[in-house]
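What follows draws every value from the coordinates through simple rules; no lab data is involved. Keep in mind the model is a prediction, meaning the values are calculated, not measured.
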Amino acid sequence: MVLNDINQTPLEYVMEYRLNTAKQLLDDTKMSITDISYHCGFSSNAYFGKIFHEKYGMTPLQYRNRNIDKQNVLN
């Protein structure tokens, strides 16, 4: 089943929502990656890391560090 307005299955929509929430938490908080994974509804930190890497080509830690590096350049 694909939702007509967004061309995603319900599972794809939920996964994208969770990953976007995780990215925002990685950017805006100092929460641990484990806490972020559970907060976003992932039952396993390893699964969260795997899905995040498949979607964005980097681990959650690499994503967080990349954004920290960008902020340091801007300051």
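In order along the range 12-28, the phi-based Karplus estimate (6.51 cos²θ - 1.76 cosθ + 1.60, θ = phi - 60°) of 3J(HN,Hα) comes to 4, 4, 5, 5, 5, 4, 4, 5, 5, 5, 4, 4, 5, 5, 5, 6, 9 Hz; Gly and Pro are listed as x. Our coupling estimate for the range 49-66, obtained by passing each phi through the Karplus curve with A = 6.51, B = -1.76, C = 1.60 and θ = phi - 60°, is x, 5, 5, 4, 5, 4, 7, 10, x, 7, 6, x, 5, 4, 4, 4, 5, 4 Hz, Gly and Pro reported as x.
A cut-off of 5 Å between modelled amide H atoms, ignoring neighbours fewer than 5 places along the same chain, links Gln8 with Leu3.
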